[in-house]
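Take a look at the structure set out below.
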Amino acid sequence: MPLHIDTPLLESRPLGQATGRQVWLKLDAMQPSGSFKIRGIGHACEHHARAGKRRFLSSSGGNAGIAVAYAGRRLGVPVTVVVPESTTDTAKALIRQEDAEVIVHGATWMEANAHAQSLRDDGTAFIHPFDDPLLWHGHASLVDEVVRAGQGFDAVVLSVGGGGLMCGVVEGLQRNGLGTVPVIAAETAGAASLAQSVAAGRRVELPAITSIATTLGAKMVCERAFALTREHPVESVVVTDAAALAACERFLDDHRILVEPACGAALAIAYGEPARLARFGRVLVVVCGGASAGLAQQREWAAALAA
Ligand SMILES: *Cc1c(COP(=O)(O)O)cnc(C)c1O
């Protein structure tokens, strides 16, 4: 039994009406860790547990850290997550809720990650949040499930942070004979490391992350994600923070599910840029979820943007 669940797949009338297309939602917000990340991280953790690792280590104060903590508890393997001082109490509480140890170290993720690396030993598996073929292999199960459900689609809309989700979805498309189905890759301005790389024709490192969607805030996408933009039809789209937040709010109203702005970026394409989807009949939207930004936080962001 894998650690992730086969999530609901449902047709969205509200998004269908916003786009004039058939829109199917793959509801990974319903995963036990609150995001799709448990697919790949669960797969990686099972692999490392089988190989005899006795501890999992992460340096993510977001959905990756939460997923590692969840996987460790389910597998009976102790987990340590090293996070920077900037990590929210909500995220720390979610990690501790899974019985993982949280170590707060340093002002930035760089420092927290360096400390995490210093804790590695032979018995420890370090779980990267996006740059690992084991993760992509696990994320690919999302496409397997849609195919198994018998639902056809002509395009996939998803969010891109470090690009692990995109690598996994494309792997899933390829292994199901869907290697020509385009991917619409959404990022927010201020976290658009894929869009900038596509524009420059090489992998670009952002000087800083200035979007509220910190979950998408990898300064540089993984090499495989950039390579995919040349191997696979990938359309990179950038939306504003305001559009991502507004999409979260509308989605909450329409489907009664709260997701992070990281996921709102993908939803914002359907709600706000229907022309991007005009050439497709049936669109699959990956509702990747996210547990690290609750309603109070989103209201705070909305108020700050309005001011
Ligand atoms: C991690 C995450 C992303 C981005 O995934 P990558 O694999 O880093 O591209 C998007 N949305 C949510 C909710 C996430 O947790």
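Could you check how many residues of the range 162-217 are touching a strand residue (DSSP E or B) at 6+ places or on another chain (Cβ under 7 Å), within 15 Å of the ligand (Cβ to nearest atom) and of a type in the set (V, I, T)?
The total comes to 6.
Within the range 224-248, track down each residue that is surrounded by fewer than 17 Cβ atoms within 10 Å (Cβ to Cβ) and out of contact with any Lys or Arg (no Cβ under 9 Å at 6 or more places or on another chain). Show your work before the answer.
First pass over the range 224-248, keeping only residues surrounded by fewer than 17 Cβ atoms within 10 Å (Cβ to Cβ): 227, 230-231, 233, 235, 240.
Listed by number, the residues that qualify are A227, R230, E231, P233, T240.
Could you tell me how many of the residues in the range 26-41 are more than 12 Å from the ligand (Cβ to nearest atom) and surrounded by 24 or more Cβ atoms within 10 Å (Cβ to Cβ)? Please lay out each step first, then the result.
Here is the first cut: in the range 26-41, the residues more than 12 Å from the ligand (Cβ to nearest atom) are 26-27, 30, 32.
This time we only want the ones that are surrounded by 24 or more Cβ atoms within 10 Å (Cβ to Cβ), so: 26.
Residues that pass the stated criteria total 1.
What are the residues in the range 208-223 that are surrounded by fewer than 17 Cβ atoms within 10 Å (Cβ to Cβ) and either part of a helix (DSSP H, G or I) or at pLDDT 95 or above (or both), if any? Reasoning before the result, please.
From the range 208-223, those surrounded by fewer than 17 Cβ atoms within 10 Å (Cβ to Cβ) are 208, 210, 219, 223; that's our starting set.
The one that is surrounded by fewer than 17 Cβ atoms within 10 Å (Cβ to Cβ) and either part of a helix (DSSP H, G or I) or at pLDDT 95 or above (or both): E223.
Determine whether E187 is in contact (Cβ under 8 Å) with a residue 40 or more places away in the chain, outside any helix (DSSP H, G or I) and touching a Pro at 6+ places or on another chain (Cβ under 7 Å). If you could, list the steps in order and put the result at the bottom.
On the way: in contact (Cβ under 8 Å) with a residue 40 or more places away in the chain: yes; outside any helix (DSSP H, G or I): yes; touching a Pro at 6+ places or on another chain (Cβ under 7 Å): no.
No; evaluated as a whole, the condition is false for this residue.
Inside the range 125-143, can you point out the residues that are away from the ligand (no atom under 12 Å from the Cβ), open to solvent by 10 Å² or more (accessible area, probe 1.4 Å) and not in a helix (DSSP H, G or I)?
If the condition is that a residue be away from the ligand (no atom under 12 Å from the Cβ), open to solvent by 10 Å² or more (accessible area, probe 1.4 Å) and not in a helix (DSSP H, G or I), then F126 is the only one that fits.
Within the range 85-102, is there a residue that is open to solvent by less than 10 Å² (accessible area, probe 1.4 Å) and in a helix (DSSP H, G or I)?
Among the residues of the range 85-102, at least one is open to solvent by less than 10 Å² (accessible area, probe 1.4 Å) and in a helix (DSSP H, G or I), which makes the answer yes.
Please pick out the residue among A149, A114 that is outside the structural domain of A69 (by TED's automatic domain parsing), more than 21 Å from the chain's Cα centre (by Cα) and surrounded by fewer than 17 Cβ atoms within 10 Å (Cβ to Cβ).
A149
Regarding the range 77-90, can at least one residue be identified that is within 16 Å of the ligand (Cβ to nearest atom), touching a helix residue (DSSP H, G or I) at 6+ places or on another chain (Cβ under 6 Å), touching a residue at least 60 places away in the same chain (Cβ under 8 Å) and not assigned by TED's automatic domain parsing to the domain that holds A278? Step through it out loud before you land on a result.
Step one: of the range 77-90, the residues within 16 Å of the ligand (Cβ to nearest atom) are 81, 83, 87-88, 90.
With touching a helix residue (DSSP H, G or I) at 6+ places or on another chain (Cβ under 6 Å) added as a condition, the list becomes 81, 83.
Subset that is touching a residue at least 60 places away in the same chain (Cβ under 8 Å): none.
Looking for residues that are within 16 Å of the ligand (Cβ to nearest atom), touching a helix residue (DSSP H, G or I) at 6+ places or on another chain (Cβ under 6 Å), touching a residue at least 60 places away in the same chain (Cβ under 8 Å) and not assigned by TED's automatic domain parsing to the domain that holds A278, one finds none in the range 77-90, hence no.
Just wondering, is there one or more residues in the range 235-242 that are in a helix (DSSP H, G or I) and either in contact with a Gly (Cβ under 8 Å, 6 or more places away or on another chain) or of a type in the set (S, T, Y) (or both)? Talk me through it step by step, then tell me what you get.
In the first step, residues of the range 235-242 are kept if they are in a helix (DSSP H, G or I); the result is 241-242.
Cutting the leftovers down to either in contact with a Gly (Cβ under 8 Å, 6 or more places away or on another chain) or of a type in the set (S, T, Y) (or both) gives us 241.
Yes, the conditions are met somewhere in the range 235-242.
Conditions (1) surrounded by fewer than 18 Cβ atoms within 10 Å (Cβ to Cβ); (2) more than 16 Å from the ligand (Cβ to nearest atom), marked per residue:
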site: L252; (1), (2): yes, no
site: H255; (1), (2): no, no
site: E260; (1), (2): no, no
site: A266; (1), (2): no, no
site: R279; (1), (2): yes, yes
site: G289; (1), (2): no, no
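Any chance the range 130-137 includes a residue that's more than 29 Å from V237 (Cβ to Cβ) and in contact (Cβ under 8 Å) with a residue 40 or more places away in the chain?
As a first pass, look at the range 130-137 and keep what is more than 29 Å from V237 (Cβ to Cβ): none.
No; the residues of the range 130-137 include none that is more than 29 Å from V237 (Cβ to Cβ) and in contact (Cβ under 8 Å) with a residue 40 or more places away in the chain.
Among residues belonging to the range 144-161 that are assigned to a loop (DSSP other than H, G, I, E, B) and near the ligand (Cβ under 7 Å from one of its atoms), point out the one that is nearest to A266 (Cα to Cα).
Ranking the qualifying residues of the range 144-161, first place goes to V160.
Quick one: count up the residues across the range 1-21 that are open to solvent by less than 70 Å² (accessible area, probe 1.4 Å) and farther than 29 Å from R50 by Cβ. Reasoning before the result, please.
Filtering the range 1-21 down to residues open to solvent by less than 70 Å² (accessible area, probe 1.4 Å) leaves 2-4, 7-10, 12, 14-16, 18-20.
Keeping just the survivors that are farther than 29 Å from R50 by Cβ gives 8-10, 12, 14-16, 18-20.
Summing the residues that are open to solvent by less than 70 Å² (accessible area, probe 1.4 Å) and farther than 29 Å from R50 by Cβ in the range 1-21 gives 10.
Among the candidates A49, A44, which residue alone is open to solvent by 20 Å² or more (accessible area, probe 1.4 Å), among the small types (G, A, S), touching a residue at least 12 places away in the same chain (Cβ under 8 Å) and part of a helix (DSSP H, G or I)?
Only one candidate qualifies: A49.
Restrict the check to the range 152-169 and report whether at least one residue is over 16 Å from R39 (Cβ atoms) and surrounded by fewer than 20 Cβ atoms within 10 Å (Cβ to Cβ).
yes
Can you tell me which condition D154 does not meet? The list is (1) charged (D, E, K, R); (2) in contact with a strand residue (DSSP E or B) (Cβ under 6 Å, 6 or more places away or on another chain); (3) not assigned by TED's automatic domain parsing to the domain that holds R276, and all the others hold.
(3)
The values are calculated or read from the model by the stated rules, or taken from the named source; none is laboratory data. What you see is a predicted model, and the numbers here were worked out from it, not measured in a lab. Here the Cβ is made from the backbone with ideal geometry for all residues, glycine too, and neighbour counts use every protein chain on show. Ligands, DNA and RNA are excluded from the accessible area calculation, which covers all protein heavy atoms including side chains. Shrake-Rupley method; radii C 1.70, N 1.55, O 1.52, S 1.80 Å.
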